[in-house]
Amino acid sequence: MDAFCRDCLTWTARAHRCVQCNSQRLLWHEELRQLSMAHVDCDAFYASVEKRDNPELQRKPVIVGGGRRGVVSTACYVARRFGVHSAMPMFQARRLCPQAVVIRPRMKVYVRVSRQIREMMEAMTPLVEPLSLDEAFLDLSGTERLHGEPPASHLARLAHEVERRAGVTVSIGLSHNKFLAKVASDLDKPRGFSIIGEAETMAFLADKPVSLIWGVGKETARVLRSMGIRNLGDLREFDRIELVRRTGTMGDRLWSLAHGKDSRTVMTGEAAKGLSKETTFPDDIKDIFKLDGHLWRLSEQVSDRAKAKGISGRTVVLKVKKANHRILTRQRRLPGPTQSANRIYQTTRALLDQVVENAPFRLIGVGIKNLCHDAATENLEVFQEDETAKRLKAEKASDLIRKKFGKRAILKGRSLQ
């Protein structure tokens, strides 16, 4: 069986080290030349970008997030050694790793790097399905004739190119379907490349916990444990009809994935489900004027991101979290799609009036969903009442000024509240 070196990017004899460059980073597998479904995942993406842009941070623990009551967006691998992980409350992360460098997210930078990586992926195959800024599925079936090499070696070249051109590293999972490719990409982070072949699928999955399946959280795992199901081997042995009867339509999906079966294809050009921005307050807020100020700033940020991505939303969403951590959401469908900060604000302000009696709040969020390309936005909005058209024109003029002179060149009074 031959092997591929991930450092010198050459085919070589299978050994403990590459005969060309002496690297130990060799790929070999019985199905190395046949598998074509991949999952590519950037390693600690936000933190990696920050370290790329500031070499002094290379050996330091870095946490991207912020705020005493915020959460961790990303923790670098140095910080993870202290137990810090994504979605952890910031106060807990700081307690576990007090020496960490905490950096506020720079979303525009991350979006720019993500687009650069996406372009590299799309040069390999048109079948790219982004899941977020830092991960995507790729279907490379049929690309061997185009590139003159099997998908495995071309993916190794992609990892090399991303590291050289974008300055961040990726981990790759290669298998025969999406579920297993995603599982494989998590097996050897960072800078990993793991393969799960079709022949080994059943043996590989047998002792894995049911939580390996996306969507199986604590509550679903508890229900399955009450049925005597703790791992995927147990799930396979459970009667399929009875499983569906007791867990609903999810049962069919669980049973299939436990057997390593996943018929999903890579979906390209699929719009994101939504775009949102939220903030957690240092102290709970009840004052409607202060909430109003936050609402405008969030609406403006969502609008800026929508305009940068060239998308609009048909539905506007408001999210608040009460002092007791209970989350309330309200949404409103608009006559046509929008990316206007003013329209997003006016809609969420009306929604806030519906829930303000539940204040004080510890968090507030604004979002749009049912997204589409923004080409039709102006046609739908300009033909509304004259006042709306005037606001839209004024907002576009403000956007141009802010783009040229900076975000604080024009401020609305309510943004200072």
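The values are calculated or read from the model by the stated rules, or taken from the named source; none is laboratory data. These numbers come from a predicted model, not from an experiment. Counting neighbours? That spans all protein chains shown, and the Cβs are built from the backbone with ideal geometry, glycine included. Side chains included, ligands, DNA and RNA excluded: accessible areas come from the protein's heavy atoms. Shrake-Rupley method; radii C 1.70, N 1.55, O 1.52, S 1.80 Å.
The condition (being among the charged types (D, E, K, R), within 20 Å of LEU275 (Cα to Cα), at pLDDT below 90 and open to solvent by 50 Å² or more (accessible area, probe 1.4 Å)) is satisfied by just one residue among GLU385, GLU378: GLU378.
Out of the residues in region 26-38 that are more than 24 Å from THR265 (Cα to Cα) and either open to solvent by less than 60 Å² (accessible area, probe 1.4 Å) or of a type in the set (Val, Ile, Thr) (or both), state the one that is farthest from the chain's Cα centre (by Cα). Looking at residues that are more than 24 Å from THR265 (Cα to Cα) and either open to solvent by less than 60 Å² (accessible area, probe 1.4 Å) or of a type in the set (Val, Ile, Thr) (or both), I get LEU26. I'd like the full set of residues that are on the phi < 0 side of the Ramachandran plot and either touching an Asp or Glu at 6+ places or on another chain (Cβ under 9 Å) or open to solvent by less than 80 Å² (accessible area, probe 1.4 Å) (or both), limited to region 189-202. Within region 189-202, LYS189, PRO190, GLY192, PHE193, SER194, ILE195, ILE196, GLY197, GLU198, ALA199, GLU200, THR201 qualify. Of all the listed residues (VAL183, VAL168), the sole one being under 23 Å from THR74 (Cα atoms), assigned to a loop (DSSP other than H, G, I, E, B), open to solvent by less than 60 Å² (accessible area, probe 1.4 Å) and of a type in the set (A, V, I, L, M, F, W, C) is VAL168. Taking residues in region 72-89 that are within 18 Å of ASP134 (Cα to Cα) and of a type in the set (A, V, I, L, M), and partners anywhere that are at pLDDT 95 or above and in a loop (DSSP other than H, G, I, E, B), the pairs with Cβ atoms closer than 9 Å and at least 6 places apart or on different chains are VAL72/VAL84; ALA75/ALA44; ALA75/PRO61; ALA75/PHE82; ALA75/VAL84; ALA75/CYS97; ALA75/ALA100. As a summary of the residue check, GLN99 satisfies the conditions (1) in contact with a Pro (Cβ under 7 Å, 6 or more places away or on another chain); (2) within 30 Å of ARG165 (Cα to Cα) except for the one numbered (2). Annotation: of all residues in region 342-362 being closer than 28 Å to VAL111 by Cα and in contact with a Leu (Cβ under 9 Å, 6 or more places away or on another chain), the one that is most open to solvent (accessible area, probe 1.4 Å) is ARG343. Restricting region 213-261 to residues that are modelled with pLDDT under 90, assigned to a loop (DSSP other than H, G, I, E, B) and open to solvent by 90 Å² or more (accessible area, probe 1.4 Å) leaves a set whose member that is farthest from PHE179 (Cα to Cα) is THR249.
Under the condition of being over 16 Å from VAL168 (Cβ atoms), touching a residue at least 12 places away in the same chain (Cβ under 8 Å) and part of a helix (DSSP H, G or I), the residues counted in region 118-130 number 1.
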